[in-house]
Amino acid sequence: MAEVLVRAQGRCKLMSGGYEAFNGHCTFKHKKAGNTDAYVVKLDDGTDFNFSGPGVQALSVQTYAGVRNVKHKAQADHEVFSWNDGEARRLSVRLDQVQNPDVRFDDPPQKADAGSLLGAAVGALIGGLISGKPVTTTEPDREGAPVSDLQSLVGARGGQAEGTLTSKGYTYRGGTKLADSSFTYWEQPYTNNCVTIRTTDGRYQSITYTKRSDCN
């Protein structure tokens, strides 16, 4: 069964044969099943695109003309997927947390309010998932603060979820046991912040930042 890693709102523009076929609101989903990644883009006109493959540089898409190879290119503030199924197709995806369904691709991004700050941090991480480039986030690393991009793992079985941690770039730095819980320490990619995971009865109970010395 595919695991959904991230979801986001976005703005998309689809060019078909040199003409603008769509320009507006869309949603983005990153799923993983085994060694296959899938990037699912749903346009508000009902069109779906499922780009899948072992990596972002080896993607394909199912079209009416059959399976076609997809080229991916990371721009400064958006991603571009292009392929040819008899006509040249170019799908540009700009990820953010805009909720307005009437937005257009070229509109300025909506400023995040307090309620959407978590979503904005996730949106920034998605860009790194697509492009493979290092991503920085303004999320604080206060001791005890939850790690936003790992909260979907709370409640998961420890042994099964470790693969997701390593696929996200986290590095195991040791662990300890206290009473009926165990605590493992992981170094966060790009920031080198230290994260602790409390496991009880074989399931993750919390994933929070801890002092950096715990990862040394």
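Some points to look at:
- Accessible surface for the stretch 1-90, divided over its residues, is 54 Å² per residue with a 1.4 Å probe.
- To put it simply, the accessible area of the stretch 138-197 at a 1.4 Å probe is 49 percent carbon and sulfur.
The values are calculated or read from the model by the stated rules, or taken from the named source; none is laboratory data. Please read all numbers here as calculations on a predicted model, not as lab measurements. For accessibility, only protein heavy atoms count, side chains too; no ligands or nucleic acids. Shrake-Rupley method; radii C 1.70, N 1.55, O 1.52, S 1.80 Å.
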